[in-house]
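Participant: Structure in structure tokens, see below.
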Amino acid sequence: MEKERLEALTLDFIRTPSINGTAGEAALAERIHGLLAREEYFRRHPEHLRLAPLPDDGLGRANVLALVRGEAEATAATVVLHGHLDTVGVDDFGELAPWAFDPPALKERFRTQDLPPDVRAELLSPDWLCGRGSLDMKSGLAVNLGLLIDWARAPGRRRGNLLFMANPVEENQHTGIIEALPLLAEWQERYGLNYVAAINNDYTTPLYPGDPNHYVYTGTVGKLLPCFYILGRETHVGQCFEGFDPALLAAEIARELDLNPALADEAEGEVTLPPAVLKLTDLKRQYTVQTPGEAFLYCNYLVHGESVATTLAKLKQVAEVAFARALGLTRERYQGYVRRTGLPEVELPWTVRVRTFAELYAAAQPAAGPALATRLTTLARRRVAAGEDKRLVALDIVRELALLLPERLPQVVIFFAPPYCPHNFIAREEPAGARVLAALGRASAAVAAETGISIKQRTFFPSLSDSSYLAMHDSDASLAALRANFPAWDILFPLPVEAIRRASIPALNLGTYGKDGHKFTERVYKPYTFGVLPRLLEKAVEELLASGSEEP
């Protein structure tokens, strides 16, 4: 794969804006499909190329699938190359947004920006390519596509098969890869394929300042989105101590959760990043002199192997500690106020109340009767059809249930909302897993020796990834706990669990290399990404296909 061709493909993809949730995702899928359709191999085998629209998608977004079958030797062994074609938006670029998709022009604009010296030096260096999607992950998509085209132009020299996928909707709901699962199963049956492994080229980055290593990953982190509905007691500000402030409690929960390393999960000797709060708000719709009656927050919660039941137990403890602290602070300040004013003190009536969604549902059901499930399903379907944020739809279901409680006392309800990303990793004690790990190890060692670059193998890709949906390691009990505490699971996030279990494709991430993903200074390092990575990818594919052909 020539460096110049890979860089040109990357620039082409960057210049086709494909922000998540816009028609640009469909445009880039069509662009990739069109590039492949011009290749002689796919003119001879049009059945090996498909632009597969997502069902009921108003933006016309689609998966692109392309299969090249090696003709040197008939074999079922197949490596899947996949990556996402969508990007996050460009609000973070500010006044530079008009140039976010034009890397040369953006580089010139960076000359006038006040930036840290090291960032500025890299952005202006010819060794680095900037622009939205340059790192995450249009350069990775280009490297995958480059290898597929090389195979398509010389299938007679290839043993084994390559299946390329470009998937939309990765940056939030992962709909593209989820909708691709039945297509993978269909092609597996039709062409007699054995999926030895799937390689994602989502970006890699230094783990710490000055990190000299490059990393390959043999699994991916899982993600939950725990949500906290806080019901307080509203009051007029003229009688502020007669209420209970849910915003104060929300802040205390955030303080207990946010970036707390004690809540990080550990497996295989690796530790997840701690929870990070993504949203925190009261639920007042307009200005009044009434204090808030409700608040809401949710956080990113990563797992390597922790069960949902364990996570729920931790979150309940977090909420109980935060609730007790908020009550203590409220009482302390009330007592300080009455001391200053000389007013008589009364006992504040609030106590710690924390429950899960499953517990709330059980408490509310007697008042609603057998029609409750239908009522909530109807609510969820109507709101989703209206295009509302699915996290807020889940919240509204919780609020609907809270209205049915005989007493609306201050409390916290913990529940989950989309997305849910399963964790997975390759088990070295299983023969198939051992072969994959050994093949990757051989490829990494060979390329490291050729280039003098340090390539280290780790288990869990630390960022969220479509690779989550290619294998399932969560137990049935853990999934049952998730579903029981996930409002309208079948509507808000109808994950095909059994299809993922059947697919069970070992997931690897080799990855482009760069810095500042999801920042306006996003940039990819060209010497590694267009020089070393293509060789690593090619060698890994060769080793994986050879190991797959030897399976008993």
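Participant: Is it the case, given these coordinates, that Ala439 is touching a residue at least 40 places away in the same chain (Cβ under 8 Å), in a helix (DSSP H, G or I) and either touching a Ser or Thr at 6+ places or on another chain (Cβ under 6 Å) or not aliphatic (A, V, I, L, M) (or both)?
Facilitator: Here the answer is yes, as Ala439 does meet what is asked.
Participant: If you check Pro418, Pro422, which single one turns out to be in contact with an Asp or Glu (Cβ under 6 Å, 6 or more places away or on another chain) and buried (at least 16 other Cβ atoms within 10 Å of the Cβ)?
Facilitator: Result: Pro422 is the single residue among Pro418, Pro422 that is in contact with an Asp or Glu (Cβ under 6 Å, 6 or more places away or on another chain) and buried (at least 16 other Cβ atoms within 10 Å of the Cβ).
Participant: Let me spell it out: the conditions are (1) open to solvent by less than 70 Å² (accessible area, probe 1.4 Å); (2) touching a residue at least 24 places away in the same chain (Cβ under 8 Å), and Thr288 meets all of them except one. Which number is the exception?
Facilitator: (2)
Participant: So, one more: I'm told Lys456 meets every condition in (1) modelled with pLDDT under 95; (2) under 21 Å from Thr220 (Cα atoms); (3) over 21 Å from the mean Cα position of the chain (by Cα); (4) of a type outside the set (A, V, I, L, M) except one. Can you identify the failing condition by its number?
Facilitator: (1)
For every residue, the table says whether it meets (1) at pLDDT below 95; (2) out of contact with any Pro (no Cβ under 7 Å at 6 or more places or on another chain); (3) open to solvent by 20 Å² or more (accessible area, probe 1.4 Å).
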position: Cys299; (1), (2), (3): no, no, no
position: Val318; (1), (2), (3): no, yes, no
position: Val321; (1), (2), (3): no, yes, yes
position: Thr341; (1), (2), (3): no, yes, yes
position: Arg353; (1), (2), (3): no, no, yes
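Participant: Kindly provide the set of residues from segment 461-490 that are open to solvent by less than 30 Å² (accessible area, probe 1.4 Å) and part of a helix (DSSP H, G or I), ordered by number.
Facilitator: Asp466, Ser467, Ser468, Tyr469, Leu470, Ser478, Leu479, Ala481, Leu482, Trp489
Participant: Filter segment 448-458 down to the residues that are open to solvent by 40 Å² or more (accessible area, probe 1.4 Å) and either within 20 Å of Tyr469 (Cβ to Cβ) or outside any loop (DSSP other than H, G, I, E, B) (or both) and list them by number.
Facilitator: Ala449, Glu450, Thr451, Lys456, Gln457, Arg458
Participant: For Ala445, work out the one condition from (1) buried (at least 19 other Cβ atoms within 10 Å of the Cβ); (2) at pLDDT 95 or above; (3) among the hydrophobic types (A, V, I, L, M, F, W, C) it doesn't fulfil.
Facilitator: Against the list (1) buried (at least 19 other Cβ atoms within 10 Å of the Cβ); (2) at pLDDT 95 or above; (3) among the hydrophobic types (A, V, I, L, M, F, W, C), Ala445 comes up short only on (1).
Participant: Scan segment 328-355 for residues that are in contact (Cβ under 8 Å) with a residue 60 or more places away in the chain and more than 33 Å from the chain's Cα centre (by Cα) and jot them down.
Facilitator: Result: Leu329, Thr330, Tyr334, Tyr337, Leu348, Trp350.
The values are calculated or read from the model by the stated rules, or taken from the named source; none is laboratory data. Everything quoted here is computed from the prediction, not taken from an experiment. Note that each Cβ is placed from the backbone with ideal geometry, even for glycine, and that neighbours are counted across all protein chains shown. Note: accessible area is taken over every heavy atom of the protein model, side chains too, but ligands, DNA and RNA are not part of it. Shrake-Rupley method; radii C 1.70, N 1.55, O 1.52, S 1.80 Å.
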